[in-house]
1. Please rank A:Tyr66, B:Tyr247, fewest neighbouring Cβ atoms within 10 Å first, as an exposure proxy.
2. Which value at 222 nm does chain B reach when only helices count, each DSSP H run of 4 or more adding -39,500 (n - 2.57), with the total divided by all residues and rounded to the nearest 500 deg cm²/dmol?
Amino acid sequence: MPADGPHRAPGAAQPQPWGIALDLGVRLGVSVILGLGIGLVVDNWLATSPIFTLVGMVLGVAAAMYTIWDVASKAMRR
Amino acid sequence: MEEGGSLVHVEIAAEPLFEIGPFTFTNSMVGALLTTAILLTVAFWFSRRSALVPNRRQSLIELPIEWMANIVQGAGGTRWRSFVPFILTIFLTVLVANWIGLLPGVGTIGLAGEHDTIVPFLRPASADLNFTLALALITFVVFVSFGIRANGLRGWLKEFLGEPRYMSPLMAPIHIISELSRLISLSMRLFGNVFAGEVLLATMLAITTAAIFILPLAFFVPGIFLGLEMIFGFVQALVFALLAMTYISMAIAEHAAHDDNHAEAPVADAVTVHPAPTQGAV
């Protein structure tokens, strides 16, 4: 590992930190709404309310948490 | 939206103007065509008259392109040249599409609609969700293809389905929602900001038209908001382009990090085989 910071491959892409922050800010909310929306649509289609709405919401929240973890782990790896 | 007593009318969906066979032309399509025409004309003119030593007019056009290219170069690593044309195209298209809404007559000249409203001939393309969603879809395809090119189809699928393999039924829907959230956030952000700007301008024009007897106010207030919309249009174009760049550079950086990890493995082995010099060095 070089002494000047994280072990980034020479010439590797380096996303702007504020670009990542701007992206994360909206995607957290959108993930939950998207999961909930998909669940509602599936429930309306199959008449199984509220099973898929709940599943969709849980998946949406999980997707939001995964997004944070994914972006943070990639940033730390760089 | 309709302001009381005025002819100012801002509909959330683009309004149909005419039909050619099965195709319905909306006012935002006219805006998109005008955007394309402006960009093509400038590109054609620029490519014909560009000189090695630029004159003032050429410098004015080169300025935003060079500025944006420098940003992409700083963040894009060694592969920046492969996606700088895409980022510049996105930036210039969104910028021109946003600024078309500031031209005189856009949103105010059109056909007579129902309830004393106007169906404008021209609407900024980025104030239509179809346009912004199309741009977001193109961006999505581009950054996914960069990810596949960097990691290979198998590597990309492995990342997408998650590891260990038995977690795939849970991880795949989470990944799908996570990826789709990029599409929605890109398209809704641009649409929301530009549409809100259109509504704001229409409202301010309606208010100041009602207060036309205070003449300085009638010219001054819309002027302030037009200036602000010009800044917002630029910022939104920049945000869209830089987010597209962030997604592409994240897809490429992922590959570089993988390479880096693989490259470090033999070094770690070497340290294990010869512990004494390493300890001495520490």
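1. A:Tyr66, B:Tyr247
2. -26500 deg cm²/dmol
Where a number appears in this text, it was derived from the coordinates with a stated rule and is not lab data. Being a predicted model, the structure only gives us computed values, none of them experimental. Please note: Cβ atoms are built from the backbone with ideal geometry, for glycine as well, and neighbour counts cover all protein chains shown.
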